[in-house]
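The values are calculated or read from the model by the stated rules, or taken from the named source; none is laboratory data. Owing to the predicted nature of the structure, the values given are computational and were not obtained by experimental measurement. Ligands, DNA and RNA are stripped out before the accessible areas are found, and what is left, the full protein with its side chains, is counted by its heavy atoms. Shrake-Rupley method; radii C 1.70, N 1.55, O 1.52, S 1.80 Å.
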Amino acid sequence: MRYIGIISDTHGTFDETLRLFLRDVDEIWHAGDIGSLELADEIAAYKPLRAVSGNIDGGMTRRVYPTFQSFECEGIRVLMTHIGGYPRRYDPRAVERIQALHPQLFISGHSHILRVMNDPGYRLLHINPGAAGEYGFHKVRTAVRFVIDGSDMRDMEVGEWPRRP
């Protein structure tokens, strides 16, 4: 059993609010737009980190964190990227990998809008955790945490916090 926290679009923010929400998770998965390699190191020092780079991430961050990452967690095949789209409107690069890898869980960020959607066409769960950072057009910061227990994904919780003015 693994307790997972998912964040995206931190844009340089990993504050006490996020630390408290993620304090009990086993791993943090970051769906891009980290903000800097230093911030990624800070998150990784807090909890084990799996991450992908996003469109605002610089060259060093892109060298360390790929555009796509695929892996298994507790028997669940996971595919993660920053710009992935949504069911029936996936980015073409995401469609290629979804069709090749057949993940049960697809994670993306970029939109700054939290969405959790079942995709019956590809038989997967799509999670976009929204934006956890202070920068962007979103009015509410969001993050997600849940349990993966074998083939069971359950106990999903959403954290929501107003952005600072």
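Data table
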| quantity | calculated |
| --- | --- |
| Sequence-separation-based contact order of the range 85-151, relative, with Cα cut under 8 Å and 6+ spacing, percent | 25 |
| Computed helical MRE - 222 nm, the chain, DSSP H runs ≥ 4 contributing -39500 (n - 2.57), nearest 500 | -5500 deg cm²/dmol |
| Where N is the number of residues in the range 1-129, Cα Rg divided by 2.2 N^0.38 Å | 0.99 |
| Rounded accessible area of Ile4 (nearest 10 Å², 1.4 Å probe) | 0 |
| Solvent accessible area, Å² - Thr10, 1.4 Å probe, full protein context | 0 |
| Using θ = phi - 60° and Karplus 6.51 cos²θ - 1.76 cosθ + 1.60, couplings along the range 145-161 (whole Hz; Gly, Pro as x) | 9, 6, 10, 10, 10, x, 8, 9, 10, 8, 6, 6, 10, 10, x, 9, 9 |
| Whole-Hz couplings from phi, Karplus 6.51/-1.76/1.60, listed for the range 59-74; x for Gly and Pro | x, 5, 5, 5, 6, 8, 10, x, 6, 10, 9, 10, 6, 10, 9, 6 |
| Between the range 1-54 and the range 88-144, the alpha-carbon center distance in angstrom | 16 |
| Karplus-derived 3J(HN,Hα), 6.51/-1.76/1.60, for each residue of the range 7-24, Hz, glycine and proline x | 9, 7, 6, 6, 6, x, 10, 9, 9, 4, 4, 5, 4, 5, 5, 9, 4, 9 |
| The chain, accessible area per residue, ligands and nucleic acids excluded (1.4 Å, Å²) | 47 |
